[in-house]
1. Kindly evaluate Thr177 against the criterion of being assigned to a helix (DSSP H, G or I) and closer than 21 Å to Gly107 by Cα.
2. Would it be correct to say that Lys144 is under 21 Å from Val31 (Cβ atoms), at pLDDT 95 or above, surrounded by fewer than 17 Cβ atoms within 10 Å (Cβ to Cβ) and not aliphatic (A, V, I, L, M)?
3. Go through (1) more than 14 Å from the chain's Cα centre (by Cα); (2) of a type in the set (Gly, Ala, Ser); (3) at negative phi and name the single condition Gly164 misses.
4. Could you say which residue among Gln131, Gln150 is of a type in the set (S, T, N, Q), at pLDDT below 95 and in a helix (DSSP H, G or I)?
5. Which residue, of Ala147, Ala110, Ala160, is of a type outside the set (S, T, N, Q) and either touching a Gly at 6+ places or on another chain (Cβ under 6 Å) or free of Cβ contacts under 8 Å to residues at least 24 places away in the same chain (or both)?
6. May I ask you to list the residues in the stretch 12-44 that are closer than 23 Å to Thr86 by Cβ, of a type outside the set (D, E, K, R), surrounded by fewer than 24 Cβ atoms within 10 Å (Cβ to Cβ) and over 12 Å from the mean Cα position of the chain (by Cα)?
7. Cβ-Cβ distance below 7 Å, separation of 6 or more or different chains: which pairs start in the stretch 41-53 with a residue that is under 12 Å from Gln68 (Cβ atoms) and end on one that is surrounded by 16 or more Cβ atoms within 10 Å (Cβ to Cβ) and of a type in the set (Asp, Glu)?
8. Does Val138 meet the test of being out of contact with any His (no Cβ under 9 Å at 6 or more places or on another chain), surrounded by fewer than 20 Cβ atoms within 10 Å (Cβ to Cβ), outside any helix (DSSP H, G or I) and not small (Gly, Ala, Ser)?
Amino acid sequence: MTKKTKQTKMPPLPLPGELPVEDQIKRMIRVDHAGEFGAARIYDGQLAIFGENHPITPKIKHMADQEQAHLEAFDTLVNERGVRPTVLGPVWNVAGFALGAATALMGEKAAMACTAAVEEVIEDHYEKQRQKLNHWGVEKTLEKTIAQFQADEVEHRNTAYDCGAKETPGYKFLSETIKAGCRTAIWLSKRV
C-alpha cells in the first residue's frame, strides 16, 4: 500500500512579461495596505475640519472605523508575509489628510464627493484583484477579505451619494480629478 501525499495547488505560471503570481500577490497586499492607509488619512482630515458636533461626523466616523479595521488587517498581512510596504507612505500620510481636509473645507457635499470618487476607484480595484485571485485559484482567504472590504467600500460610496455627493458644485471635475489621483497612487504604490 502506498502512502498518499497531500497535493498542494501550485499557482499558475505567469504570462510572458508578468511577475510571478507570488510577487503579484505581494503587490496586491502592498497597494491595498497603502490604499487603506490613505483612506484612513482622508477621513482623519475630514474629521479634523468637521469636528465632533457636525451632523455628518457620525457617518464619517463609521466609515473611518471600517477603514481602520481594513488597515489593521493589511498591517497583519504585511507583517505575516514579509511584504515591503510602499516607500510612499509618508506622501500618502500627508496627501490623504490634505485631500480630506481640503474637501471638508469646501463643505459636506464636497467631502462626500471625495469619498464617492475614492470608493468608486477602490471598488473597481478590488474587483480586479478578486477576479485575478479567482482565476489563479489561489489565496481564497485573501479573496474573501478583499470581497468584504469591497462591500464596505460600496457602502461608503452609497453613503456619500445619499449625503449629496453629486450635488457638489463642479462635481464631475472634482470627482474625475480625485479618481485620477487615486489611480496614480495605486500604480505607484504597487511598484515603489
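The values are calculated or read from the model by the stated rules, or taken from the named source; none is laboratory data. Keep in mind the model is a prediction, meaning the values are calculated, not measured. Note: ideal-geometry Cβ built from the backbone for every residue, glycine included; neighbour counts use all protein chains shown.
1. Working: assigned to a helix (DSSP H, G or I): yes; closer than 21 Å to Gly107 by Cα: yes.
The answer is yes for Thr177.
2. Working: under 21 Å from Val31 (Cβ atoms): yes; at pLDDT 95 or above: yes; surrounded by fewer than 17 Cβ atoms within 10 Å (Cβ to Cβ): yes; not aliphatic (A, V, I, L, M): yes.
Taking the combined requirement at face value, the residue satisfies it.
3. (3)
4. On the way: Gln150 fails: at pLDDT below 95.
It is Gln131.
5. Ala147
6. If the condition is that a residue be closer than 23 Å to Thr86 by Cβ, of a type outside the set (D, E, K, R), surrounded by fewer than 24 Cβ atoms within 10 Å (Cβ to Cβ) and over 12 Å from the mean Cα position of the chain (by Cα), then Pro14, Gly17, Leu19, Pro20, Val21, Gln24, Ile25 are the ones that fit.
7. Filtered contacts from the stretch 41-53: Tyr43/Glu67.
8. Details: out of contact with any His (no Cβ under 9 Å at 6 or more places or on another chain): yes; surrounded by fewer than 20 Cβ atoms within 10 Å (Cβ to Cβ): yes; outside any helix (DSSP H, G or I): yes; not small (Gly, Ala, Ser): yes.
Yes: the conditions hold for Val138.
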